[in-house]
1. I need the shape label for the stretch 1-76. Rule: rounded when a/c is under 1.5, else prolate if a/b > b/c, else oblate, with a, b, c from the alpha carbon gyration tensor.
2. With a cut-off of at most 12 other beta carbons within 10 Å, and DSSP calling the residue loop, which trypsin sites (Lys or Arg not before Pro) in the stretch 77-151 qualify? Please list them.
3. At 0.36 nm per residue, and after removing the present C-alpha to C-alpha distance, how many nm does the segment from residue 60 to residue 205 gain when stretched out fully?
4. DSSP H helices in the chain with Cα extent of 15 Å or more along the helix axis and mean Kyte-Doolittle hydropathy at least -1.0?
5. At a Cα cut-off below 28 Å, give the lysines reachable from residue 236, other chains included and same-chain residues fewer than 8 away excluded.
6. Classify the stretch 172-251 as rounded, prolate or oblate, taking a ≥ b ≥ c as the square roots of the eigenvalues of its Cα gyration tensor: rounded when a/c is under 1.5, otherwise prolate if a/b is larger than b/c and oblate if not.
7. With runs of 4+ DSSP H residues as the only contributors, calculate the mean residue ellipticity of the chain at 222 nm using -39,500 (n - 2.57) per run, divided by the residue total and rounded to the nearest 500.
8. Tell me, rounded to the nearest percent, the portion of alpha carbon pairs in the stretch 31-114 spaced more than 16 Å apart.
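Readers should treat all values here as calculations from the given coordinates under stated rules, not as data from a laboratory. This is a predicted model, so every value here is computed, not measured. When we count neighbours, we look across all protein chains shown, and the Cβ atoms used for this are built from the backbone with ideal geometry, even at glycine.
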Amino acid sequence: MAMYWAWLALSGAARALPRRVSYALAKLVGQLAFVLWPRGRRAAVRNFRTVLGNSASESAVRKAARLSFVNYGRYLVDFGRFPAETAEEVAGLVTDDDGVFMRLAKLNADGTGVVVAGMHFGNWDAGAAAATQRGLPLSAVGESLGHHKLDDAIFGARERLGMEIIPMDGGGFGMYRALKHGRFLAIIVDRPTPGEGVPVQFFGRQTWVPDGAARMALRTGAHVVAAACYRKRPGKPEFAMWADFDVAMPGDPQSEDAPRELMQAIFTAHERIIRRRPAQWYMFRHMWPQASGE
């Protein structure tokens, strides 16, 4: 219940205040959260040590982790404003200099459906709104937050942007139906599941992730794309699309290893995306198993 009231407070404040004021507050709150939430801070710092590599200084690692808290705060401001904005207004914040949406439409010209694999990066909701406003029929998998009123509010805000929401729990048939009807199915894939799902190499280290996105694509024959919507300038509501269309499909889609191979291709593609704007990746829990001494 507390999360529901927090959402109402966030949404109300984001709508009542000018965006620049809300962004300034988000920066302050993000920096405070970095200091006052030790578990999230430790996880983010350890994650960014892996992302930035051994050549990065500790100060650079901590700076990237701190900025990810700030950027996530800005994302929450944007999301909190959605109930007061039209889908057209949100979509207008997103540019598509690389022609991603046209390429997606061409990819799905055969009506096979497309799995759009995303991560907790940038502003995925703005990208989804831009896709629907450009005529792409989009379904998105939504994870329950454990409270029906909060789920209704969050899902409702996204549905107002033009996307269909399929609850993650028990949503297998909905995902299958969406792809078989030639829709785009957006799935967030960076959810670490230690010892479950499939192992993938991500920034040179092994982690375990769910393989549902791969299995659904292999089952339906859908195309697969890794995509992200990133903030172009700090503190500005301006976004642009990136997509990696070079996700390698398994040589034998029927093989036992095919789901793992496809998830590996998806994560390899997202490595390329995250390297371009590391601090716009929001991962406040351990993405990789902790090594001894960490």
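1. Judged from the Cα gyration tensor, the stretch 1-76 comes out prolate (a/c at least 1.5, a/b above b/c).
2. Numbers: sites: 81, 103, 106, 134, 149; in loops: 134.
Answer by residue number: there is no such site.
3. Values: separation 145, 0.36 × 145 = 52.20 nm, distance 1.99 nm.
Using 0.36 nm per residue and subtracting the Cα-Cα distance, I get 50.2 nm.
4. Span-like helices in the chain: 2-16, 19-36, 38-52, 58-81, 148-159, 258-276.
5. Straight-distance partners of residue 236: 27, 63.
6. Working: a/c = 1.90, a/b = 1.20, b/c = 1.58.
In terms of gyration-tensor shape, oblate.
7. Roughly -15500 deg cm²/dmol at 222 nm, from the helical runs in the chain.
8. Roughly 69 percent, rounded to a whole number.
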